[in-house]
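Remarks on the structure that follows.
Every number here is computed from the coordinates shown, using simple stated rules; none is lab data. Note that the structure is predicted; figures quoted are calculated from it, not measured. Note: ideal-geometry Cβ built from the backbone for every residue, glycine included; neighbour counts use all protein chains shown.
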Amino acid sequence: MRRLNSTIILFVLCLVSITMVIPFVWMVTTSFDWGARLNVPFPPRFWPDDPSLRTYRAALTNVDLLRYIFNSFLVAAGTILISLISALMSGYALSKIRFKGAGIVLVLALSTMMIPFEMTMIPQYMLFNQLHLLDTYWVFYLPALNYAFGTFLCKQFIDGLPGELREAALIDGASEFSIFPRIYLTICMPIVATMIILQFLGVWNELIWPLLALNDPNKYTIQLGLAMFNYNNGTRQMPSIIMAATCVSLIPVLLLYMFLQKYIVESIATTGIKQ
């Protein structure tokens with residue numbers, strides 16, 4: 001009976017995995033299919049009749065992909081740095097310092113996650129307009145100070161770390177500002193890697209806010225650049241070139257995930273450790 005249940009679970013997982021992988025494989029094969037530059041063949045073919053790199057040359061020629069990718073890296077780097085500092089310090093304070101009203105602060109922070117971005121989008125736009133920060137990357141950096149989900153992740157992770165480390169450091173005369181970076185930060189690297197990937201994906205895939213906040217084409221992020229290329233150059237009739245540009249934009253995401261994957265697994269395993 002147990003073997004039957006394992007077989008059924010394995011079959012379902014394989015079916016779900018294949019369902020998720022097929023669109024990705026179709027995108028990659030279509031990106032090499034020069035014959036699909038006018039129409040995408042259906043039913044899909046997973047090996048192009050005319051495989052060629054001309055689609056990638058056309059994509060790199062017609063879209064300033066490297067500039068858009070560099071801009072997205074600038075946005076992602078600043079957003080990740082600010083959000084990590086905010087989440088780590090606030091999570092540590094809520095977990096170990098236990099100041100009066102910490103529970104209320106955590107509830108208020110988590111409540112902001114229940115508000116859809118569409119409801120705060122216009123007030124946020126008006127605020128940055130009054131501050132004369134529109135069309136700058138500060139419109140991405142400043143909101144990163146409120147990374148409520150990261151604060152919650154860090155608090156839950158640090159809750160499982162020994163509090164005796166902090167107590168021993170306080171006895172030795174260390175201050176609160178030095179305890180976390182010297183003692184807890186190295187232990188928190190798995191959760192840091194997890195937040196880096198989550199934030200990077202969020203910034204890399206964001207479209208609506210850059211569309212509102214950025215006007216200079218030289219400052220466009222990758223998703224906005226791809227959308228404008230699709231709209232302005234009429235490439236709806238050249239799907240293989242769009243697929244090629246999309247594949248290029250996915251390379252940084254895949255590389256980052258491959259590099260940090262082991263830390264994500266470690267964070268899942270370490271979260272269950274008790275004092």
For the chain, longest principal axis from Cα atoms; helix 239-270 axis from its Cα atoms; angle between them, nearest 10 degrees, is 20
Quick one: dipole size for region 81-187, taken about the Cα centre, charges +1 on Lys/Arg Cβ and -1 on Asp/Glu Cβ, in debye to the nearest 20.
-> 180
Set of aspartates and glutamates near K96 by C-alpha distance (under 16 Å), chain-local residues within fewer than 8 positions excluded | D159, E164, E167, E176
When percent of Cα pairs over 31 Å apart is calculated directly from the model, which label among (i) 20; (ii) 33; (iii) 45 fits?
-> (iii)
Highest-fluctuation residue, L65, L127, L198 considered, GNM on the chain with Cα pairs under 10 Å = L127
Looking only at aspartates and glutamates whose Cα falls under 13 Å of K219's and that sit 8 or more positions away or on another chain, we get D64, D135
Could you work out how far helix 222-232 tilts from the main Cα principal axis of the chain, as a 0 to 90 degree angle to the nearest 10?
-> 30
Can you give the charge dipole size of the chain about its Cα centre, rounded to the nearest 20 debye, using +1 on the beta carbon of Lys and Arg and -1 on the beta carbon of Asp and Glu?
-> 460
Cα axis of helix 117-130 to longest principal axis of the chain: angle in degrees, 0 to 90, nearest 10?
-> 80
Selection from F46, P143, C14, by position along the positive dipole direction of the chain (Cβ) = C14
Please build a GNM for the chain, connecting alpha carbons under 10 Å apart, and tell me which residue among F152, F24, F70 fluctuates the most.
-> F24
Say the dipole of the chain comes from +1 at the beta carbon of Lys and Arg and -1 at that of Asp and Glu; which of M119, V105, L260 then lies farthest toward its positive end?
-> L260
GNM, the chain, Cα, under 10 Å: largest mean-square fluctuation among R98, R166, R54?
-> R98
